[in-house]
Structure formats: structure tokens, C-alpha cells
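The next block holds one structure in the form of C-alpha cells; read it before the comments.
Read-outs: derived from the displayed coordinates by stated rules, not from any lab. For clarity, every value in this text was computed on a predicted model and none was experimentally measured. Methodologically, a virtual Cβ is constructed for each residue, glycine included, from the backbone with ideal geometry; neighbour enumeration extends over all protein chains shown.
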Amino acid sequence: MGRLITTFLLSLVIFFFEDSYIQSQFKLIKEYIENYFFIRLIDSSIDIIGNGGYQAAFCIFLFAVGMLFRKKRLSYAGKYGLFSLLTASVIVQFLKHLIGRARPRLDNAYLFIGPSIKDGFDSFPSGHAFGAFTLAVIFSNVYPRSGIIFYGIASTISLWRLYDNSHFLSDVFAGMFLGMIIGRWFLNKYPHKYPPESAATDSKTEKG
């Protein structure tokens, strides 16, 4: 664990000093492609699936469906997906306003004002990355065969924050890492007791 944290901190420092350059490259990319229809469609879609409120509603929906049809694996994913998401939201808002980092639109990657609720000074860490990766850890553990999809969606949501000029790379990286920590903590604290997915046995195991 110590080695993992050390690697995270070193990577974070490297990304931090490259934030301005990386963000400038994303701005150039956006200027070139933002008017394409499919890019606008992707942008609108990510605004929805990356929104914490919609994610929470989706978790509630999963839990309700799982309870209604006695799908324990599904109800677990919804229940602890929601709990972990709410926990992540509280932590990330606390950190954002404690650290007070300027958003990219303020054109200063190294401006920190400390504890504040001032608009535009809540960049670090990325809440979208935090929440997306928290859910990815939970869902991929419950449905491991779909793990690549969950992490792919979480990565797209996170990196799109750079494209939208809403976060720096270090913000996103920190959110991804902390999200995975919270997700893993919930799995360790409240482990599900269902065997690995199996097309032949899944319906039987979920009833037990």
C-alpha cells in the first residue's frame, strides 16, 4: 500500500507540473473538433452519465429492480454503488473547498487560495472522476465480465473533463485514484457473497 501511495504522489507531482501544457493541447483539440455533430452528441451524453445526480438515480433504479425481481447481485450493486457515491461526494466537496484550486478557465494552473467556497476555486480533485471510478470499482467487482466497460466509461467521463476545460490532468488523476480507494474500501467493508458470474448458474446463485 505504501508503494502504491508513493507512486500516486510522484505521478501527481509530475502531472501537476505538466498541467498547463497538457491543458493547452486539449484546448487546441477542442477548437478543431468541437463543431462536429458526433462530438457534440458525445459531449451531451457525457454530461448526463457523468452527472452525480443521474448516477445516484441509476443506482436507486438498480437497487429497486434487484429487490423487485430478487436479483441480489443487482440490488447489491445499486445499494453500495449509491452509498459509495454519496460518500465520495461528501469527501470530494470537502477536499475541493479545502484546497481551493483555480479552475482551468482562470488560466492559472498553480493558483491555490486554500479554504474557500468562492466560485471557480474548486478544481482539485475532479468530482466526476471521483464518482465515476468509485462506481466502476463497485460494478466491476459485482459484474467482472463487464469490468472493461465500466472502467472505459469512467475513463471517458474523467478525461472529457480535460476536453471541457473543467479540470487539469492532476485533478482528474487524483479523482480517479481516490475514487478507486473509496470503492475498494466499500467492497472490503461490505463484501458481496455471490460467486463469480456464470451464464449457467447465475439465476440459481442469486436466489440463494
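Applying the Karplus relation 6.51 cos²θ - 1.76 cosθ + 1.60 with θ = phi - 60° to the range 41-57 yields 3J(HN,Hα) values of 5, 4, 4, 5, 5, 5, 4, 7, 6, x, 6, x, x, 5, 5, 5, 4 Hz, where x marks Gly and Pro. Where does the longest stretch of the chain lie that holds no chymotrypsin sites (Phe, Trp or Tyr not before Pro) found in a DSSP loop with 15 or fewer other Cβ atoms within 10 Å? Answer from the scan: 111-208. Only Lys, Arg, Asp and Glu carry charge here, each on its Cβ (+1 for the first two, -1 for the last two); on that basis the chain has a dipole of about 1000 debye about its Cα centre. Loop-located GluC sites (Glu not before Pro) across the range 1-54 with a Cβ neighbour count of 13 or fewer within 10 Å are 34, with loop assigned by DSSP. Sites listed here are trypsin sites (Lys or Arg not before Pro) in the range 58-95 whose DSSP assignment is loop and whose Cβ has at most 13 other Cβ atoms within 10 Å: 70. Using θ = phi - 60° in the Karplus curve 6.51 cos²θ - 1.76 cosθ + 1.60, the 3J(HN,Hα) couplings for the range 93-108 round to 5, 4, 5, 3, 7, 6, 7, x, 7, 5, 6, x, 5, 8, 6, 8 Hz; x is entered for Gly and Pro.
Simple spin-label estimate for residue 143 and residue 38 gives 2.5 nm between the two label positions (7 Å along the Cα-to-Cβ direction from each Cα). In the chain, a dipole from Cβ-located charges (positive for Lys and Arg, negative for Asp and Glu) runs towards its positive end, and of 124, 149, 28 it is 149 whose Cα lies farthest in that direction.
Projecting the Cα atoms of 167, 87, 97 onto the charge dipole of the range 2-197, computed from C-beta unit charges around the Cα centre, puts 87 farthest toward the positive end.
Per-residue 3J(HN,Hα) values for the range 139-156, derived from phi via the Karplus relation 6.51 cos²θ - 1.76 cosθ + 1.60 with θ = phi - 60°, read 5, 6, 6, 6, 10, x, 5, 9, x, 4, 5, 4, 6, x, 5, 4, 5, 5 Hz in sequence order (x marks Gly and Pro).
Which FRET efficiency value, to the nearest 0.05, is calculated for residue 155 and residue 17 with the Förster distance at 25 angstrom and r the Cβ-Cβ distance? The calculated FRET efficiency here is 0.65. Each part gets one Cα centre, and for the range 1-76 versus the range 106-152 those centres are 6 Å apart.
Legend: P(r) of the chain from all alpha carbon pair distances, 10 Å bins from 0, whole percents, reading 9, 31, 33, 19, 8, 1.
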